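Q: Please see the structure below; I have some questions.
The values are calculated or read from the model by the stated rules, or taken from the named source; none is laboratory data. What you are looking at is a predicted structure, and each value in this text was computed from that prediction instead of being measured. Neighbour counts run over all protein chains shown; Cβ positions are idealised from the backbone, glycine included. With ligands, DNA and RNA removed, areas are computed over all heavy atoms of the protein, side chains included. Shrake-Rupley method; radii C 1.70, N 1.55, O 1.52, S 1.80 Å.
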Amino acid sequence: MDPSPDLPGGDPADAGEPTAAPPAGLWERMRDDPQYAPEHLALEAVRRLGPEAKAWVESTRAAQPGLDRDGLAQLATKRFVARARLSGAVSGAAGLPGAVLDIGVLAWTQARMVLHIAAAYGVDPEHPDRATDLLVLQKVHKAAETARLALGVAAGRERAGALFGSGNTPLRQAVLRLTVRLARMAGIRAAKRVFAKVIPGAAIILGTWANSSATTDLAKRTVDLYGRRAISAPAQRGS
């Protein structure tokens, strides 16, 4: 992908785009355990994308020392909403298979955005609590305590291996459950939005709108959460 126009010389986190889509191992875990797909994605996002978000903030502040926290958050929002919009257009052009893949890419892109915004406000993007934040911000769970419990279950299943592989769950059924869970996580809550992406002549426009709208709404919630947290407890950055 081309360097971001928001930063001098582009974003170092974009070099080679190693994290533009969920890694293969994560796709396999989510497919084999679709019930806890959002939790698996959140755990992996913090592990893989937390360090990237922290490095991005450091490099951006070095390049633009006059930029405040709100400015950093706006840069992150602009970048990742644009990426969500682009992936929506691509999936719309590719038809239903592309739309299914796009949902996972969208959820991963949104996780990157949330962690970048957290880092912009001085909140540690590598802290395990960010996985909880992701699930609450993306409305997978209403309460942090419920999110933590589900994350604990997902982590246990990850350590134990694939307990619900294709031998126990038919592939088609697993993919369908995975699609529904990730669509909810990414904010594509009405099923008609997903299938609207494959309507001839309108797929690209609708895919672009659905992705950018959901990601913009998530960005507003994220800025509100971490902006308030930075004001109320500026000395406590970890949690």
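Q: Going by what's in this entry, would Ala82 be described as open to solvent by 10 Å² or more (accessible area, probe 1.4 Å), at pLDDT 75 or above and of a type in the set (A, V, I, L, M, F, W, C)?
A: When the stated conditions are applied, Ala82 passes them.
Q: If you take the residues in the range 109-138 that are outside any helix (DSSP H, G or I) and not aliphatic (A, V, I, L, M), which one is farthest from Thr60 (Cα to Cα)?
A: Here the answer is Gln138.
Q: Tally up the residues in the range 28-42 that are open to solvent by less than 50 Å² (accessible area, probe 1.4 Å) and in a helix (DSSP H, G or I), please.
A: Within the range 28-42, residues that are open to solvent by less than 50 Å² (accessible area, probe 1.4 Å) and in a helix (DSSP H, G or I) number 10.
Q: Any residue in the range 217-231 that's within 13 Å of Gln74 (Cα to Cα): show its pairings with residues that are acidic (Asp, Glu) and open to solvent by 40 Å² or more (accessible area, probe 1.4 Å) at Cβ separation under 9 Å, as long as the two are six or more apart or on different chains.
A: Close Cβ pairs (under 9 Å, with a partner that is acidic (Asp, Glu) and open to solvent by 40 Å² or more (accessible area, probe 1.4 Å)) amount to Val223/Asp70; Gly227/Asp70.
Q: Answer with yes or no whether Leu75 is among the hydrophobic types (A, V, I, L, M, F, W, C), in a helix (DSSP H, G or I) and either at pLDDT below 90 or in contact with a His (Cβ under 9 Å, 6 or more places away or on another chain) (or both).
A: Taking the combined requirement at face value, the residue satisfies it.
Q: In addition: Tally the residues that are open to solvent by less than 20 Å² (accessible area, probe 1.4 Å) and modelled with pLDDT of 95 or more, restricting the search to the range 193-229.
A: Residues flagged as open to solvent by less than 20 Å² (accessible area, probe 1.4 Å) and modelled with pLDDT of 95 or more within the range 193-229 amount to 4.
Q: Can you pull out the residues in the range 148-178 that are at pLDDT 70 or above and over 23 Å from the mean Cα position of the chain (by Cα)?
A: Passing the criteria: only Gln173.
Q: List every residue pair whose Cβ atoms lie under 9 Å apart, where the two residues are 6 or more positions apart in sequence or sit on different chains, the first residue falls within the range 43-72 and is in contact (Cβ under 8 Å) with a residue 60 or more places away in the chain and surrounded by 15 or more Cβ atoms within 10 Å (Cβ to Cβ), and the second residue, located anywhere, is aromatic (Phe, Trp, Tyr) and not in a helix (DSSP H, G or I).
A: As it stands, the answer is Arg69/Tyr121, since those pairs meet every condition given.
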